[in-house]
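Notes follow once the structure below has been shown.
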Amino acid sequence: MKQVVVIGANFAGATAALEIKRKLKNQVEVTVIDRKEDSLYFPSLIWVPIGRRDISQVLIPRRPVFAKRGLKFVVDSATMIDPDTRIVETAKNGSFKYDELVIATGPRLNRDIAPGVRQHSCYVGFRTRCARHQG
Ligand SMILES: Cc1cc2nc3c(=O)[nH]c(=O)nc-3n(C[C@H](O)[C@H](O)[C@H](O)COP(=O)(O)OP(=O)(O)OC[C@H]3O[C@@H](n4cnc5c(N)ncnc54)[C@H](O)[C@@H]3O)c2cc1C
């Protein structure tokens, strides 16, 4: 059976992992690695700083979704990828061998893209910083 490893379990990673399993069924074993237990529903984050939602209301548990469809879910950080040996190393759960790898670790915020952005902007895309603006 082919081993598929997906790093990142939000919109891109979860969609890829679920679709690969749905289409290839028992031909693949899919392991999804994400450093967070729950998925953060970004579009609703805008309501958190103004107190219209609690952070707990924009978190979606991943484990039951993956378990129901026969995917393995590992909560951990991927720390290294070795494309020669086809191995993903994690911080706490050792290494995972793959035949196919999907990297869906998301965009990285660049607050230095233009003068003034860092000083004058407030980013609501992190669950902790978002919550800190409440009230
Ligand atoms: C406030 C806000 C509102 C938004 N509203 C909309 C909207 O209405 N419509 C829309 O289309 N888009 C919206 N977006 C943009 C949208 O959220 C992003 O485009 C989308 O989240 C990108 O999905 P992704 O799966 O590529 O990455 P992400 O959502 O960033 O997911 C990456 C995942 O990878 C995991 N990860 C990262 N590094 C590692 C690692 N080393 N090891 C293990 N796991 C790792 C993270 O924990 C995370 O779960 C919004 C964004 C924000 C901030």
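The values are calculated or read from the model by the stated rules, or taken from the named source; none is laboratory data. All values reported here derive from a predicted model rather than from experimental measurement. Here Cβ is always computed from backbone atoms with ideal geometry, including for glycine, and neighbour counts include all displayed protein chains.
Here are the numbers:
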item: Flag for Ile81 being among the hydrophobic types (A, V, I, L, M, F, W, C) and within 30 Å of Cys122 (Cα to Cα); result: no
item: Some residue of the stretch 23-31 being surrounded by 14 or more Cβ atoms within 10 Å (Cβ to Cβ) and closer than 30 Å to Tyr123 by Cα; result: no
item: Of the criteria (1) touching a strand residue (DSSP E or B) at 6+ places or on another chain (Cβ under 9 Å); (2) without any contact (Cβ under 8 Å) to a residue 40 or more places away in the chain; (3) closer than 16 Å to Gly106 by Cβ; (4) not small (Gly, Ala, Ser), which one Arg35 fails; result: (2)
item: Some residue of the stretch 115-129 being in contact (Cβ under 8 Å) with a residue 40 or more places away in the chain, among the charged types (D, E, K, R) and part of a helix (DSSP H, G or I); result: yes
item: Odd one out for Lys2 among (1) closer than 17 Å to Lys97 by Cα; (2) in contact (Cβ under 8 Å) with a residue 60 or more places away in the chain; (3) surrounded by fewer than 15 Cβ atoms within 10 Å (Cβ to Cβ); (4) out of contact with any Asp or Glu (no Cβ under 6 Å at 6 or more places or on another chain); result: (4)
item: Unmet criterion (only one of (1) within 12 Å of the ligand (Cβ to nearest atom); (2) more than 17 Å from the chain's Cα centre (by Cα)) for Arg52; result: (1)
item: Criterion violated by Pro64 - all others in (1) within 11 Å of the ligand (Cβ to nearest atom); (2) modelled with pLDDT of 95 or more; (3) surrounded by fewer than 16 Cβ atoms within 10 Å (Cβ to Cβ) satisfied; result: (1)
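Rundown of residues vs (1) in a helix (DSSP H, G or I); (2) of a type in the set (A, V, I, L, M); (3) modelled with pLDDT of 95 or more; (4) out of contact with any Cys (no Cβ under 7 Å at 6 or more places or on another chain), yes/no style:
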residue: Arg22; (1), (2), (3), (4): yes, no, yes, yes
residue: Val32; (1), (2), (3), (4): no, yes, yes, yes
residue: Ile50; (1), (2), (3), (4): no, yes, no, yes
residue: Arg53; (1), (2), (3), (4): no, no, no, yes
residue: Ser56; (1), (2), (3), (4): yes, no, no, yes
residue: Ile81; (1), (2), (3), (4): no, yes, yes, yes
